[in-house]
Ligand code: FAD
């Protein structure tokens, strides 16, 4: 096909931002003699809408940086007439005519076209919420929206902002409002933020928000907003939460702005996306459409798909210009490659998530891995978490989600490139990628993902996943933790037996030959090695936990657990750590600094344990780059009353924990060996010395007592609120282990009465009983085996 270089035609573009501006500029480069007019409803053309949240947060400082082009420059450089403040009201396809209103003077006029390109974008969806119409609220689509937010902030100086909706724009705004010093809450109706990520991956981001003190509410739908006299608003949720705020941002999603096309009789989909062919041509051969308003081919599912991203909009604009100019370009479809900054993390994804694959009944398998972004021995290596989804048995890559620090988006781009060419996990094994220690590893994370996936497809290893635990327990599988004893003691999956991988060959006799074996380690590597040893030693059914304990831990933590242990840190410190005020301690005490950057878990916790060997009181600042360290350190301080977490924060991709160790500290996790012979699923209670030995009560006896005439005076459940919600004793009261020392006064009435403490497995409740006994309470017993044993005995629990 030749270029229509000399053809004189009038091409009109509706919408002058991403898709529309690209189409117009490309068209001029191809067709010097065409008349090109762009109608844009707003006051700006070709502005950087993706940069708007960062201008709100004062990260982008120059306003003019957002205005990529002006009508004047379009005219001078491209000879294109850009009419801003002009709204196209209707299209008459039969006469090839548009009805336009000049918004500056309200004058209407008609104009003829030969070819028409629609790029009207998508508009923020505003849900109907009782009271919303009575309060000022904001959305963010364009520069005027952005200016309204900034003006409101300047005039009212709100201290607290709430973003309703945890999608891309909502999260970016939350981060930028936080950058302005605002306390920020996000309310999300779904169980997680960013719908395109699967839950266990989004949990990493939930943790990041919590670390940055952004209060996240999930599974919460705002149903009413009540204004109060002092400029504040109360957001009420369906489940009864009330959130007080001073600035409301609505960011619950977008809708294709396709009414103009629909009214003109163009074909649209069920979800109102404009339907186009590979040339971006609508059902009218003279009208093309691009961008957020159209439905294009999803290359993974081979079905139409709506995708609101700037890259596809720009490329579609280019294709339309080519087609109008006579080139044979096609827009082949999308795979959905995206990236977002969430405070210190980069979250990126491509293709389909697991939820979609399930809905579409596509046969798939997945692997998780947590490699460093570059060689661990080179300074500042940061772990990333990868989830790779691939088709079985072909190995075609279906999707990936990667969250981490520097180098994250580079990996997703490599995967996107392979996927665009219909590549498989076998291709990932073979990829030759750039390597030097500051940038990568000789086996790049992408090669590693390929190795893991092909091992599965070639039947070299079988994997189990974090969500399989309940089924494993039901089917009496043998859970084998092959991490070191130290790692196991800090935290492990309830019911697991610990045989470190280095001791496995000598201890094979301790593993039942007649049960399926479910191995796990911290990230999956030692588990894989161990599973190979077992498989070649006569065990026929061996599975390795993909992504290891790290993935399991992220996936199973409740949001309450992520939020709670952070929000009351200073309070805990003031009460427990020292008789000196917290500020005084933090500012004047000499801190030992341990830099564990680049070490993957358990490296950082091992470094800390080594430092804690010293006698006497200590203040330690430990720096890690492995996000899993956050939950490890929290668990460690939770089970060790002798250490307190003074602060936990992230800065420059590093996790910084400040720890205070009491002079009389005893590491409870280094006491009480878990015996290998104990093949029962029950977890052994660790009994720290130095604290009193307390009695335990069996589930059977507790049940009898509860129904007797002399039940315990109080049953204290010391777990976290999220665990409590999953099932607790009807008669119990929730007082988490972390808050127990603060509640001793309130419990004084039970000094001489019978108290029972409860947790999940009997470990925390034992510690709680010890604390109570040390504080002078006389009759305390801890429920042996905790709620696990209670529920296993078939006794009732409330939710
Ligand atoms: P738009 O760029 O929205 O342009 C449509 C234009 O059409 C609008 O200016 C509108 O005024 C005009 N219009 C509509 N109807 C009429 C009419 N009847 N007459 C005249 N004019 C009309 N994408 C990414 O890939 N990465 C990001 O980081 C990213 N960040 C974003 C941040 C924000 C705050 C927003 C709002 C979007 C972001 N996006 C991002 C999405 C990206 O901007 C869109 O996918 C892209 O702009 C879509 O291009 P479009 O041409 O279809 O629509």
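The values are calculated or read from the model by the stated rules, or taken from the named source; none is laboratory data. All of these numbers come straight from a predicted model, not from anything done at the bench. Note that we place each Cβ from the backbone using ideal geometry, even for glycine, and neighbour counts take in every protein chain shown.
Residues considered: 3, 73. Of these, the only one that is outside any strand (DSSP E or B), loosely packed, with under 14 Cβ neighbours inside 10 Å and more than 16 Å from the ligand (Cβ to nearest atom) is 3. Filtered by the rule that a residue be within 16 Å of the ligand (Cβ to nearest atom) and in a loop (DSSP other than H, G, I, E, B), the stretch 285-308 gives 290, 307, 308. Of all the residues in the stretch 177-201, those that are within 16 Å of the ligand (Cβ to nearest atom) and either under 24 Å from residue 553 (Cα atoms) or buried (at least 23 other Cβ atoms within 10 Å of the Cβ) (or both) number 7. Screening the candidates 60, 117 for the property of being within 14 Å of the ligand (Cβ to nearest atom), in a loop (DSSP other than H, G, I, E, B), modelled with pLDDT of 95 or more and within 38 Å of the chain's Cα centre (by Cα) yields one hit, 60.
If the condition is being within 11 Å of the ligand (Cβ to nearest atom), over 18 Å from residue 149 (Cβ atoms) and either surrounded by fewer than 23 Cβ atoms within 10 Å (Cβ to Cβ) or modelled with pLDDT under 95 (or both), then the stretch 247-263 contributes 257, 259, 260, 263. Within the stretch 1-26, residues that are under 17 Å from residue 67 (Cα atoms) reach partners that are at pLDDT 95 or above and away from the ligand (no atom under 16 Å from the Cβ) with beta carbons closer than 6 Å, at six or more positions or on different chains, in the pairs 25/78. The number of residues in the stretch 615-670 being within 27 Å of residue 385 (Cα to Cα) and in a helix (DSSP H, G or I) comes to 12. Being over 19 Å from the mean Cα position of the chain (by Cα) and free of Cβ contacts under 8 Å to residues at least 60 places away in the same chain is the requirement here; does residue 365 meet it? In short, no.
Residue 360 fulfils the conditions (1) away from the ligand (no atom under 16 Å from the Cβ); (2) within 30 Å of residue 178 (Cβ to Cβ); (3) surrounded by fewer than 19 Cβ atoms within 10 Å (Cβ to Cβ) except for a single criterion, (2).
Results for (1) more than 30 Å from residue 24 (Cβ to Cβ); (2) at pLDDT 95 or above, shown as yes or no for each residue.
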{"site": "308", "(1), (2)": "no, yes"}
{"site": "325", "(1), (2)": "no, yes"}
{"site": "346", "(1), (2)": "yes, yes"}
{"site": "374", "(1), (2)": "yes, no"}
{"site": "379", "(1), (2)": "yes, no"}
{"site": "401", "(1), (2)": "yes, yes"}
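Those strands (runs of 3 or more DSSP E) of the stretch 178-244 in which 3 or more residues are modelled with pLDDT of 95 or more occupy 183-187, 222-227, 233-237.
Of all residues in the stretch 131-152, those being more than 22 Å from residue 255 (Cβ to Cβ) and within 16 Å of the ligand (Cβ to nearest atom) number 2. Is it the case that the stretch 84-103 has a residue that's at pLDDT 95 or above and in a helix (DSSP H, G or I)? No: zero hits.
At least 3 residues being touching a strand residue (DSSP E or B) at 6+ places or on another chain (Cβ under 7 Å) and farther than 24 Å from residue 197 by Cα is the threshold, and among the strands (runs of 3 or more DSSP E) wholly inside the stretch 374-477 not one reaches it. Residues in the stretch 313-344 that are surrounded by 19 or more Cβ atoms within 10 Å (Cβ to Cβ) and closer than 19 Å to residue 397 by Cβ were compared, and the one that is nearest to the ligand (Cβ to nearest atom) is 338.
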